[in-house]
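Below is one structure, written out as structure tokens, with a few remarks after it.
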């Protein structure tokens with residue numbers, strides 16, 4: 001057991017810090033070109049797709065360096081390293097693993113250069129958690145698949161240029177996991193209609209998408225026909241260290257403590273209230289648990305042992321923290337806590353009340369907590385499937 | 001960066017777990033705990049294996065290892081609810097190493113390292129207060145030595161110890177009085193968990209020699225309390241894992257309404273939550289174990305995060321472990337209930353979750 005970093009690792013951390021201090025001006029001083037300049041510079045550093053193989057334009061960065069990079073970026077509250085979050089998280093890795101040479105040439109550079117934003121067409125009106133039961137139909141006619149069906153709650157759909165789409169190419173199957181095919185579809189293809197959906201926080205981040213006789217050339221199929229489930233599972237299994245998230249959550253905890261210090265409850269300083277102290281300490285306890293769970297899993301990976309479903313542990317912690325921390329801040333600040341941005345008494349610019357309405361982005365987006373519990377119970381504890 | 005165990009530590013863990021399965025299996029644990037007894041042969045055996053002198057430097061006949069190695073042993077021993085006073089003995093060793101003079105170390109440590117002298121440590125006299133003021137026993141100067149006063153109502157493993165190190169307020173401040181079992185009046189107390197014997201120790205009027213009093217600073221008291229909480233948390237990791245395994249195995253086999261009960265989400269989700277909590281306080285415990293020797297500045301916070309989590313989580317794991325079994329879990333003959341009892345014992349020991357979480361809040365600036 002050893003929590004020290006090697007000289008090379010420390011030097012890399014210094015390099016990241018130096019880069020941040022030179023290239024990340026305070027928010028007020030950022031002009032409208034800032035983000036583009038930032039994206040170009042981090043790309044030139046090789047930090048976009050940092051872990052990807054060099055042949056695809058990545059840097060083949062090691063696990064610890066990835067961790068350091070995420071940690072430092074999160075500490076500095078830096079903008080993301082690319083605008084295609086899903087492209088970098090799973091579409092790119094999926095294409096590198098299952099794509100044809102032509103697909104790799106066509107799609108990978110644009111993801112790394114933040115030229116193209118991807119969304120993910122999984123959920124349908126009748127199939128969310130039960131993802132493998134999807135019905136969106138793709139039929140091969142000559143050199144094209146013809147897609148008909150609907151996706152919904154597709155995050156990023158209103159502004160994405162491409163979608164990685166799960167379709168059903170075969171309906172008469174023994175297992176619902178068979179007969180699924182993964183297609184890469186431009187969002188401006190004729191027959192694709194996006195209708196944004198407003199969420200409870202008032203944002204329009206997700207949408208329903210209708211596909212009517214959309215022609216998708218067969219060369220845009222990712223993996224073999226019928227292999228879509230395998231492609232999806234292995235893309236989603238491209239698990240990342242949760243260290244960056246943990247750093248963000250520690251920062252949020254600090255904000256929460258600052259709020260506690262200036263807040264009064266029933267006329268007395270809130271920070272003297274035993275129940276407030278206990279609650280804040282429990283947040284710290286869970287975030288620290290995420291940190292040390294993450295470091296244990298990272299150590300496993302470094303030793304070459306594959307991670308299986310352990311990452312669901314931290315996903316469950318994150319889900320409960322995402323809900324509870326904002327909820328706590330809102331309750332703590334009483335009627336002022338209710339006010340949104342613009343309210344005379346709004347707390348911290350209404351940021352707590354806003355995020356208290358935005359938790360489903362994280363909590364439901366990557367698989368609901370009950371799905372994570374199924375994964376843990378079935379894959380780690382050996383319980384029979386539902 | 002490496003948050004994993006060494007080959008040697010993994011071998012040690014396997015060795016202790018095997019010992020529990022083969023040499024001190026659950027029927028033997030029950031026999032021992034029912035009679036409040038102490039198995040000298042078993043104790044001698046683990047002494048020969050070196051487990052009782054892990055923390056003691058080689059110069060005094062120990063192995064000179066660290067608390068993280070002690071955590072490995074305590075965790076593995078607790079998978080079988082080991083009733084032997086390994087934790088108390090380790091804490092007494094830590095107290096001597098932290099507080100005693102070289103002469104005292106030379107006098108006591110070799111017999112502790114081999115296990116020849118069974119030792120324990122008694123700190124606080126209030127049922128639920130971690131503070132120097134919660135030590136009410138006293139030592140007053142008397143002739144060449146001291147005369148002790150008061151009672152230590154809650155001393156772990158006192159009935160089975162040859163020597164007891166007991167916190168007192170002495171003429172010069174806090175101190176540990178080293179007394180032999182013959183010198184004091186030890187009264188075993190029945191508790192919910194018979195695998196963890198507890199006794200009161202009456203010190204009133206007991207005379208000890210000058211070199212049997214070991215001065216202790218408040219920082220040292222605090223350090224020993226942290227090591228105590230760490231030891232108990234390590235045992236909660238092992239015992240938590242064992243009851244989770246027992247309950248998972250049962251959920252796979254028990255058929256109701258035509259299906260294994262582990263197929264129902266009401267059962268499997270509870271098991272998943274038990275797993276999440278266990279893995280989490282496990283990680284916090286290992287980090288605290290590392291801090292004990294390698295980052296003592298961070299120990300208080302690390303221990304409080306770990307014990308603050310484990311105290312309540314393991315308590316719930318004990319309740320759900322019994323509850324998910326149904327009536328069989330409630331049956332004396334079945335082992336699940338023994339783990340529930342251990343969780344009750346561990347909860348207040350060296351500070352409950354309120355104490356530890358409040359300390360986390362203070363250390364975090366509130």
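The values are calculated or read from the model by the stated rules, or taken from the named source; none is laboratory data. None of the values given here were measured: they were computed from a predicted structure. Cβ atoms come from the backbone with ideal geometry, glycine included; neighbour counts cover every protein chain shown.
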Within region B:169-227, tally of residues that are part of a loop (DSSP other than H, G, I, E, B) and either farther than 21 Å from residue B:157 by Cα or within 22 Å of the chain's Cα centre (by Cα) (or both): 15
Any hit, region A:71-81, residues being within 14 Å of chain B (Cβ to nearest Cβ) and touching a helix residue (DSSP H, G or I) at 6+ places or on another chain (Cβ under 6 Å): yes
Failed criterion for residue B:130 (all others in (1) touching a helix residue (DSSP H, G or I) at 6+ places or on another chain (Cβ under 8 Å); (2) closer than 25 Å to residue B:354 by Cβ; (3) assigned by TED's automatic domain parsing to the domain that holds residue B:68 hold): (3)
Members of region B:159-190 found to be surrounded by fewer than 16 Cβ atoms within 10 Å (Cβ to Cβ) and either under 30 Å from residue B:338 (Cα atoms) or in the same structural domain as residue B:33 (by TED's automatic domain parsing) (or both), listed by number: B:162, B:185, B:187, B:188, B:189, B:190
Residue B:137 vs. criteria in contact (Cβ under 8 Å) with a residue 60 or more places away in the chain, crowded, with 17+ Cβ neighbours inside 10 Å and more than 24 Å from residue B:342 (Cα to Cα): yes
Residue check, residue A:349 out of contact with any helix residue (DSSP H, G or I) (no Cβ under 9 Å at 6 or more places or on another chain) and at pLDDT below 95: no
2 or more residues modelled with pLDDT of 95 or more and more than 16 Å from the chain's Cα centre (by Cα): qualifying strands (runs of 3 or more DSSP E) within region B:118-157: B:138-142, B:145-149, B:151-156
Residue in region B:21-38 that is closer than 30 Å to residue A:297 by Cα, more than 14 Å from the chain's Cα centre (by Cα) and part of a helix (DSSP H, G or I) present: yes
Enumeration of residues in region B:332-344 that are surrounded by fewer than 22 Cβ atoms within 10 Å (Cβ to Cβ) and within 27 Å of residue A:275 (Cβ to Cβ): B:344
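So that you can scan it fast, the table gives a plain yes or no per residue for (1) within 26 Å of the chain's Cα centre (by Cα); (2) on the phi < 0 side of the Ramachandran plot:
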{"position": "B:262", "(1), (2)": "no, yes"}
{"position": "B:300", "(1), (2)": "yes, yes"}
{"position": "B:326", "(1), (2)": "no, no"}
{"position": "B:337", "(1), (2)": "yes, yes"}
Condition check for residue A:35: over 18 Å from the mean Cα position of the chain (by Cα), touching a residue at least 60 places away in the same chain (Cβ under 8 Å) and either in a helix (DSSP H, G or I) or crowded, with 19+ Cβ neighbours inside 10 Å (or both): no
Failed criterion for residue A:381 (all others in (1) without any contact (Cβ under 8 Å) to a residue 40 or more places away in the chain; (2) away from chain B (no Cβ under 14 Å); (3) closer than 27 Å to residue B:307 by Cβ hold): (2)
Elements of type helices (runs of 4 or more DSSP H) contained in region B:258-361, each with 1 or more residues being facing chain A (nearest Cβ under 8 Å): B:265-294, B:299-325
Matching residues, region A:362-378, being more than 14 Å from every other protein chain (Cβ to nearest Cβ), surrounded by fewer than 17 Cβ atoms within 10 Å (Cβ to Cβ) and part of a helix (DSSP H, G or I): A:362
So residue A:318, is it within 13 Å of another protein chain (Cβ to nearest Cβ), modelled with pLDDT of 95 or more and buried (at least 19 other Cβ atoms within 10 Å of the Cβ): no
Among the candidates B:98, B:103, B:111, residue that is surrounded by fewer than 21 Cβ atoms within 10 Å (Cβ to Cβ), part of a helix (DSSP H, G or I) and free of Cβ contacts under 8 Å to residues at least 24 places away in the same chain: B:111
Meets criteria (surrounded by fewer than 21 Cβ atoms within 10 Å (Cβ to Cβ) and within 14 Å of another protein chain (Cβ to nearest Cβ)) for residue B:2: yes
Odd one out for residue B:10, checked against (1) within 14 Å of chain A (Cβ to nearest Cβ); (2) within 17 Å of the chain's Cα centre (by Cα): (2)
Candidates B:177, B:239, filtered to the one that is touching a helix residue (DSSP H, G or I) at 6+ places or on another chain (Cβ under 7 Å), under 30 Å from residue B:309 (Cα atoms) and more than 14 Å from chain A (Cβ to nearest Cβ): B:239
Test: residue in region B:247-256 that is surrounded by fewer than 20 Cβ atoms within 10 Å (Cβ to Cβ), at the interface with chain A (Cβ under 7 Å from one of its Cβ atoms) and in a helix (DSSP H, G or I): yes
Residue among A:55, A:9, A:22, A:40 that alone is in contact (Cβ under 8 Å) with a residue 12 or more places away in the chain, part of a helix (DSSP H, G or I) and either outside the structural domain of residue A:295 (by TED's automatic domain parsing) or surrounded by 15 or more Cβ atoms within 10 Å (Cβ to Cβ) (or both): A:9
Region A:278-295 - residue that is over 16 Å from residue B:310 (Cβ atoms) and at the interface with chain B (Cβ under 7 Å from one of its Cβ atoms) and, of those, modelled with the highest pLDDT: A:280
Test: residue in region A:258-272 that is surrounded by 18 or more Cβ atoms within 10 Å (Cβ to Cβ) and more than 10 Å from every other protein chain (Cβ to nearest Cβ): yes
